[in-house]
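The values are calculated or read from the model by the stated rules, or taken from the named source; none is laboratory data. Quantities reported herein were computed from a predicted structural model and do not represent experimental measurements. Here the Cβ is made from the backbone with ideal geometry for all residues, glycine too, and neighbour counts use every protein chain on show. Surface areas here come from the heavy atoms of the whole protein model, side chains and all, with no ligands, DNA or RNA. Shrake-Rupley method; radii C 1.70, N 1.55, O 1.52, S 1.80 Å.
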Amino acid sequence: MNLVFLGAPGAGKGTQAERLTAEKKLAYISTGQILREAIGAASPLGNQAKSYMDAGKLVPDDLVIALVEEFLTKNVANGGFLLDGFPRNLEQAGALDASLKKLGKSLDKVVYFDVNEEIVVRRLSGRRTCKGCGKNWHVEFSPPPANMKCDLCGGQIVQRKDDQAETIRNRLVVYREQTAALAGYYEEKELLVRVDASAEVEEVFRRLLKALAC
Ligand code: AP5
């Protein structure tokens, strides 16, 4: 199964990806998580990406396309994969088509997590994230430990800088202007499956498995 997860910031892509990759043993890349790790490590990639991410803008295409090409080249022979947060505009979608063609692979499905903006704002503003491993909690729906230390890696649990109100607004504008059009792009290719992602986590996961017919 070669998959893309598409949907607004906060739609629950990362939360569902964690469950699906554990169950189906898919190779997984979240471009957002890799970029955050690069920023944490103050690597050249992180230094280039930081100002864009802090402002809620897309990081330049050439940087993320290179990341995904490297991931695909390393993982494509090992079974299925899941791309979370990539592609995010039509240029990236075209680059992905070209990379997969070169590797003799194709996508099986693109899952669109459908949820309204009121819900995503609530999810994003309440999200808390481990600085070490990226694990997520939510102050209301899955509260973090009282000492704000991650139960997986012991890292500090914080609010992501781009989960502040103003940056959330910017991310949603970027999503509407650049990413939402990808639903139509993949619908035309008959790859798009829609999942109503407004329910609680386990119910969304059941819907996801049903949509993937697995
Ligand atoms: P990225 O990290 O990809 O962020 P995003 O797409 O904005 O998505 P999120 O991680 O914010 O949300 P999600 O849908 O994964 O939701 P989650 O499961 O965490 O990208 C960040 C930045 O990196 C971008 O702004 C950009 O700058 C850059 N970037 C990344 N990829 C790029 C690319 N391809 N090109 C250019 N730039 C790129 O859930 C959210 C919260 O809700 C959590 O607290 C969770 O616990 C809770 N929750 C989840 N599901 C439910 C549910 N069903 N019910 C209740 N709570 C729920």
message: Would you confirm whether or not segment 54-62 contains a residue that is over 25 Å from V120 (Cβ atoms) and more than 6 Å from the ligand (Cβ to nearest atom)?
response: yes
message: Looking at L96, L100, L45, can you tell me which residue is in a helix (DSSP H, G or I) and closer than 24 Å to G155 by Cβ?
response: L45
query: Within segment 186-199, can one find any residue that is of a type outside the set (A, V, I, L, M, F, W, C) and crowded, with 18+ Cβ neighbours inside 10 Å?
result: yes
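Could you list, in sequence order, all residues of segment 98-131 that are over 21 Å from G10 (Cβ atoms), out of contact with any Lys or Arg (no Cβ under 9 Å at 6 or more places or on another chain) and open to solvent by less than 50 Å² (accessible area, probe 1.4 Å)? Reasoning before the result, please.
The first filter runs over segment 98-131 and keeps only residues over 21 Å from G10 (Cβ atoms), leaving 98-109.
Now restrict to residues that are out of contact with any Lys or Arg (no Cβ under 9 Å at 6 or more places or on another chain): 98, 100-106, 108-109.
Within segment 98-131, L100 is the sole residue that qualifies.
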statement: Just one listed residue, out of G79, G56, is in contact (Cβ under 8 Å) with a residue 24 or more places away in the chain and either within 17 Å of D97 (Cβ to Cβ) or open to solvent by 30 Å² or more (accessible area, probe 1.4 Å) (or both), and it is G79
task: Read through the list (1) within 10 Å of the ligand (Cβ to nearest atom); (2) in a helix (DSSP H, G or I); (3) open to solvent by less than 50 Å² (accessible area, probe 1.4 Å), then give the number of the only condition that G10 fails.
output: (2)
- request: Identify all residues within segment 31-53 that are touching a residue at least 60 places away in the same chain (Cβ under 8 Å) and open to solvent by less than 40 Å² (accessible area, probe 1.4 Å); write none if there are none.
  value: Q33, M53
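Can you list the helices (runs of 4 or more DSSP H) found entirely within segment 122-214 that contain at least 1 residues being at pLDDT below 95 and either within 14 Å of the ligand (Cβ to nearest atom) or over 27 Å from K24 (Cβ atoms) (or both)?
165-174
How many residues, within segment 69-84, are farther than 16 Å from T21 by Cβ and either within 14 Å of the chain's Cα centre (by Cα) or β-branched (V, I, T) (or both)? Explain how you work it out, then say what you get.
Quick first cut of segment 69-84, residues farther than 16 Å from T21 by Cβ only: 69-70, 73, 77.
After this cut, where a residue has to be either within 14 Å of the chain's Cα centre (by Cα) or β-branched (V, I, T) (or both) as well, the list is 73.
Going through segment 69-84 one residue at a time, the tally reaches 1.
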- request: Taking the options A22, A17, name whichever one is open to solvent by 20 Å² or more (accessible area, probe 1.4 Å), assigned to a helix (DSSP H, G or I) and of a type in the set (A, V, I, L, M).
  value: A22
field: R160 being under 27 Å from R36 (Cβ atoms) and surrounded by 15 or more Cβ atoms within 10 Å (Cβ to Cβ)
entry: yes
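Here are some residues: K102, K109. Which one is under 26 Å from L26 (Cα atoms) and touching a helix residue (DSSP H, G or I) at 6+ places or on another chain (Cβ under 8 Å)?
K109
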